[in-house]
Amino acid sequence: MTPALIDDTTLYAVLAPFAAAVVAPFATRWLKHNAAWPLALVPALIFLHFTGFIGPVSHGETFVAAKAWAPSYGVNFSIYIDGLSTLFALLISGIGTFIILYAGGYLKGHPQQGRFFSFLFMFMGAMLGLVLGNNLISLFIFWELTSITSFLLIGFDSLRAASRRAALQALVVTGGGGLALLAGFILIISATGEIEMSVLLASPDIIKDTGLYLPIFILVLGGAFTKSAQFPFHFWLPNAMEAPTPVSAYLHSATMVKAGVYLLMRMHPLLGDTTLWTTVLPLFGGVTLIIGTLLAVRQTDLKLMLAYTTVASLGLLVMLTGTSHEKALEGAVLYLLAHSLFKGALFMVAGTIDHEAGTRDITKLGGLRSAMPITFAAACLAALSMAGLPPFIGFVAKEVLYYGTWGWLELGIPVTITAVVGNALMLVIAAAVAIKPFMGPKVETPKHAHEGPVLLFAGPVFLSVTGLGLALIAHTTGELFVGPTLSSLMGVQTEVDLHLWPTAINAPLILSLITIGLGIVCFTQIDRLRAVVGSVLTSIGWGPDKGFDQAVAGIVAGSGRFTRFAQNGKMQTYMVLTFIFTGIAVLLPGFLTGGLPAMPSLPDYRFYEWGILFIAAIGLFAVLVADTRLTAIVSLGIQGFAVALIFMMFGAPDLSFTQFMVETLSVVILALVMTRLNLLPSDHRPKGAAIFTGIIAGAVGLGLTLTLLAITQAPFDTRLSDFFAQYSRTIAHGRNIVNVIIVDFRGFDTLGEIAVVVLAGLCVLALIRVRTRPDKPIETPPTKPAKPIAEEAH
Amino acid sequence: MESGVVILIGLFFSVAVYLMLSKQLVRMLLGIAILGNAVNMLIFTNGRLTREVPPLIPEELYTPAIQTANPLPQALVLTAIVISFSFFAFLLVLAFRAYQELGTDGVNTMRVAEPEDDQTPPQGY
């Protein structure tokens, strides 16, 4: 079914958050934290706009809209609306509404609150542009914008070094992946000739048929795995918890980190269902799931526990997407939806506890249920969904995904076991987060804890209740959200029949029971588990996070070393490096491309012509070996006059005269200056240095000789010279063609030349006239007095 | 026709580079002078060599009667000679003044712009 073209309203909906980002600081200055209420209307209206697509999309319709951006490169700002992008757009705008409200309460009174809103809105716009993006290039630009806004938000508290480090780390990891993704997109564009996602999706085998499947697969995975924090790129996500909690809830659990999963799901019809896909993705996803949950168990900080389970959940999603099995994909979609709701809610709960009680260390919290009843209720609802218990959407998701993995023939058993272990550990964390701070005896907290304002509990309550509601109307949820999204993943219209309660005692139900049992056992042993994981990690003693620091330190130290080597302040090093690379540049291409000249035949010069060439060579040699000033100057004169004679021999009397004049002047000036300087004219190079520099000099000379030989052996294009010969007399009325070129055809060139001569003369004059007074020495490095000349010469 | 001059040009370049790799400013200047000649001859030879016939048009004609030397590289080189001379003169005076002020002509000891104990910028986050 070809996508229908719709009007530009939806394009403006994508851009609306950017407008809000401009307005937000002013609104905040005026209304203080209550600016959150009117500002939240923006995502709410966007949400309403996208609800209009739910009906048509569930019937299999798709839509596109586009505005030309850089049409000469085929780059448009274009969007593509199908089940997958509608689901994401609804999540981004819906959760975004509550995040804006929550940020209003959380950063109440913060001097930079307006800026914070601004960044959040920019991110929202970027994320919408990403998930709706149809044009690959505009999709990439929004992808990078999410990385940049994430950087700004993680580093929001820019006075703390930990924030700055986390922000930089996130930017380097996701930005690096973004570059891989760009390369992948460019490969796709150049291999298929198509730039719009909707066109690519219309012919699913288009990439697999190009023969570039493998590089495209690797590059796209590079983008997706870094963004979605898959092992071994997972380390930036827990560090990103340095950001204020609204950011953690929004970017680093509900939306941005799912961009990688979104990309994999979006590209599934194009790249999926190959042996490579169904091997690599479950492997990385599974490892990420297990590592994420184990690391989560170890933490005692509420936010960090949640962050690691986010890593784990992303692993689960990648693993399920990697199966390419219809039921498992359905489970992935459901789990994606469930995770955004419960994790967003739990993060906000963690933030509220931190905000009201003054700590989020789980060992220092307890008995908050009477002080914060509403937050406690929201936490319970969300945690039950996370634990995968009925009657919540998390339970439905788990049932479906077990059904899928159990029924997957290829690698079903290991994937199912991984999922069971991961989910059991996730239940442990859910229980720890919801029970530990609220139940038990009341613990004294740094702040006197009480219920947060409505701005703070609106989000968690609404999201967790939605998680319950969507499960209660499971059939409609399946029809409206899961079915259309699954259709996008499968590339064909797919029906989904969801129900909350299992209809029979089957494998998924039994797996669910095992999960719950295993989870409860682990929860009772959580302290022992924490100790075991902790001791294992200590014995390893190294992780990618540490590796990142080492890499950064290595790069800084390495570039410092290289700079000190290449720019050591010694002129000679610069010269040597310059000429080594000049030599390579003139020699290498000839050898590589086979452009070497033929062996030249002996030219038929007359004896005096040989004589002049010989004199020039003698002059050069004499300059090299001269050991008194006068010899050096005279030798320089010899080669100069020989050059003048060569010009004369080959029909250039004007050049010859000029060369004679200039060479005479040079020798005179040189003699004047050199006699004033008390310098050793001879060259005291050690033998090793002489051989080394001799080789460099020889290589440069040889390279230029070979190049020039090759050029002169090629045919000559005489058009320009013929032009001047033709018109010199007829239109410029001069018989000396060289002079006519200089004063007429290229008159402005000569004007420039005269300007250079004048300027050089002025500079010389200035240099001679400007003198520092002897009583006021110029600033030389005080530690290093100039060495005596005689010593320097050796 | 060109090959002999071409090999001489290569020799010019080698000698120029060898001199420019010296530690002494004066020898570097000698190298620069030779380099100027080498480049001028390179341009000249690129336009191909013709023996002894300057690019002149006889009084009674409007175009040259016979094959003359290529006028274009000559015009270019004429400009280049003058510019390389002014450049050379400037460098010479600059070197002379630098020697007067710094008391050395060793290129490695002239370190006003990049002192030896230069501090590196701060590292880390």
**Report entry** Interatomic Cα distance distribution for chain B, bins of 5 angstrom, percent
**Finding:** 2, 9, 13, 14, 13, 11, 9, 8, 7, 5, 3, 2, 1, 1, 0, 0, 0
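Efficiency by 1/(1 + (r/R0)^6): what FRET value for A:THR210 and A:ASP273, r their Cβ-Cβ distance, R0 = 22 Å, to the nearest 0.05? Mind dumping the intermediate values first?
Working: r = 16 Å, r/R0 = 0.75.
Efficiency, from the Cβ-Cβ distance: 0.85.
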Query - Residue-averaged [θ]222 nm for chain B, counting only DSSP H segments that reach four residues, each worth -39500 (n - 2.57) - result: -20500 deg cm²/dmol
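What number results when the radius of gyration of the stretch A:384-448, computed over Cα atoms, is divided by 2.2 N^0.38 Å? Can you show the working numbers first?
Values: Rg = 16.4 Å, N = 65, 2.2 N^0.38 = 10.7 Å.
Relative to the rule-of-thumb radius for its length, the stretch A:384-448 sits at 1.52.
Longest span of chain A, sites excluded, free of GluC sites (Glu not before Pro) in DSSP loop with at most 14 other C-beta atoms within 10 Å? Kindly include the intermediate steps, with their values, before the conclusion.
Details: sites that count: A:GLU410, A:GLU444, A:GLU495, A:GLU779.
For GluC sites (Glu not before Pro) (loop position, at most 14 other Cβ atoms within 10 Å), the longest site-free span of chain A is A:1-409.
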**Report entry** Mean separation of Cα contacts under 8 Å (6+ apart) over length of chain A, as relative contact order %
**Finding:** 10
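What full-extension length gain, to one decimal in nm, is calculated for A:ILE510 and A:ALA690 as 0.36 nm per residue of separation minus the Cα-Cα distance?
Numbers: separation 180, 0.36 × 180 = 64.80 nm, distance 8.35 nm.
Once the chain is fully extended between A:ILE510 and A:ALA690, it gains 56.4 nm.
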Report task. Return the loop-located trypsin sites (Lys or Arg not before Pro) in the stretch B:1-82 (DSSP other than H, G, I, E, B) with at most 14 other Cβ atoms within 10 Å of their own Cβ; answer none if there are none. Result -> B:ARG51
Report task. Using only the alpha carbons of the stretch A:28-178, determine the length spanned along each of the three principal axes and report them from longest to shortest in whole angstroms. Result -> 47, 35, 24
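Just need the relative contact order of the stretch A:647-750 here, percent rounded to a whole number, with Cα pairs under 8 Å and 6+ apart. Show your work: numbers first, answer last.
Values: 22 pairs, mean separation 8.9, N = 104.
With pairs under 8 Å counted, the relative contact order is 9 percent.
Ignore the peptide's own chain and count Cβ atoms of other chains within 10 Å of each Cβ in A:621-632; give me the average, rounded.
On the way: counts 2, 0, 9, 6, 0, 2, 0, 0, 1, 0, 0, 4.
Mean inter-chain Cβ contacts per residue within 10 Å come to 2.
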**Report entry** Whole-angstrom gap from the stretch A:590-652 to the stretch A:713-769, using each part's C-alpha centre
**Finding:** 25
Query raised in the report: Calculated FRET efficiency, A:ASP549 and A:PHE581, Cβ-Cβ r, R0 35 Å, to nearest 0.05?
Result: 0.55
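Subtracting the Cα-Cα distance from 0.36 nm times the residue separation, let me have the gained length for A:GLN713 to A:GLU410 in nm, one decimal.
Details: separation 303, 0.36 × 303 = 109.08 nm, distance 6.61 nm.
Full-extension gain reported as 102.5 nm.
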Report summary line: Hits for chain B under the membrane-span-like helix rule (DSSP H, Cα axial span at least 30 Å, Kyte-Doolittle mean at least 0.5) are B:25-46, B:71-102
Report task. May I ask for the distance between the Cα centers of the stretch A:366-425 and the stretch A:496-531, given as a whole number of Å? Result -> 8
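Per residue of chain A, what 222 nm ellipticity follows from adding -39500 (n - 2.57) for every DSSP H run with n ≥ 4, rounded to the nearest 500?
Working: 32 runs with 558 residues, N = 794.
Calculated at 222 nm, the ellipticity per residue is -23500 deg cm²/dmol.
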**Report entry** Semi-axes of the equivalent ellipsoid for the protein assembly as shown, Cα gyration tensor, largest first, Å
**Finding:** 75, 34, 26
Query raised in the report: In nanometres, what is the gap between the two model label sites at A:TRP30 and A:THR593, each 7 Å from Cα along Cα-to-Cβ?
Result: 6.4
Query raised in the report: Dimensions of the stretch A:634-727 along principal axes (Cα, Å, largest first)?
Result: 55, 33, 18
Query - Farthest toward positive dipole pole in the protein assembly as shown [+1 Lys/Arg, -1 Asp/Glu at C-beta], among A:LEU498, A:PRO446, A:GLY344 - result: A:PRO446
Query raised in the report: What's the longest bit of chain A with no exposed trypsin sites (Lys or Arg not before Pro), using DSSP loop states and at most 14 other Cβ atoms within 10 Å as the test?
Result: A:161-441
Query raised in the report: Measuring from centroid to centroid over Cα atoms, what is the spacing of the stretch A:102-121 and the stretch A:170-190 in Å?
Result: 31
**Report entry** Extended-chain gain in nm, criterion 0.36 nm per residue less alpha-carbon gap, A:ILE417 and A:VAL443
**Finding:** 5.5 nm
Report task. Rank A:ALA68, A:GLY595, B:LEU102 by how far each Cα sits towards the positive end of the charge dipole of the protein assembly as shown (+1 on Lys, Arg Cβ; -1 on Asp, Glu Cβ) and give me just the farthest. Result -> B:LEU102
Query raised in the report: Over all distinct alpha-carbon pairs, what is the Kirkwood Rh of the stretch A:311-350 in angstrom?
Result: 10.5
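Please state the relative contact order of chain B as a whole percent: Cα pairs under 8 Å, 6+ residues apart? Please report the intermediate quantities before stating the final value.
Working: 106 pairs, mean separation 29.4, N = 125.
Computed value for chain B: 24 percent relative contact order.
Every number in this text was worked out from the coordinates using simple rules, so none of it is lab data. Note that this is a predicted model, so its numbers are computed, not measured. Cβ coordinates were reconstructed from backbone atoms using ideal geometry, including for glycine residues, and neighbour counts include every protein chain displayed.
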